[in-house]
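A quick write-up on the structure given underneath.
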Amino acid sequence: MNRKDRLAARKDGELDTTGFLRVADKFIDVANRENKKVNATQLHMVFLYASTRYSAYVANAILNVDNHEEFVETMTGHYQEMLRQHLADENLSAPAKNTSN
C-alpha cells in the first residue's frame, strides 16, 4: 500500500500498521501517566476491564454479533497471541522507572 492509499484508508477510519501502533501508543501513554498514581497491578486490570467493555460495545452496537461465545473465543485468541508476543519481547523485561507494583 502506497502513501496515498494509506492516507485514503485513514480518512475512511482504517489503520495501517503504523497508524495502529500510534493509536496503541496513545493508550500506553495514558497508562504510564496513570501509573504515577495507580499501582501497575491494579492499572493493568483497569485497562483489561476497559478493553472488554469496549469490545462488548463494538460486538453489540457496531457488529451486531449474534453468537457471543464465538466472538469471545475469537477475542480471547487474539488476546492470548498478543500477550504471548509481548511477554517474549525482551524490551519489556525490565521495569520502567517510576512504575509502582
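Read-outs throughout are calculated quantities, based only on the coordinates presented, and are distinct from any laboratory measurement. All values derive from a computational prediction rather than experimental measurement. Methodologically, a virtual Cβ is constructed for each residue, glycine included, from the backbone with ideal geometry; neighbour enumeration extends over all protein chains shown.
Counting only Cβ charges, +1 for Lys and Arg and -1 for Asp and Glu, the dipole size of the stretch 38-101 around its Cα centre is about 400 debye. Within a straight-line Cα-Cα reach of under 18 Å, Lys4 can be paired with the following aspartates and glutamates, leaving aside sequence neighbours fewer than 8 residues apart in one chain: Asp12, Glu14, Asp16.
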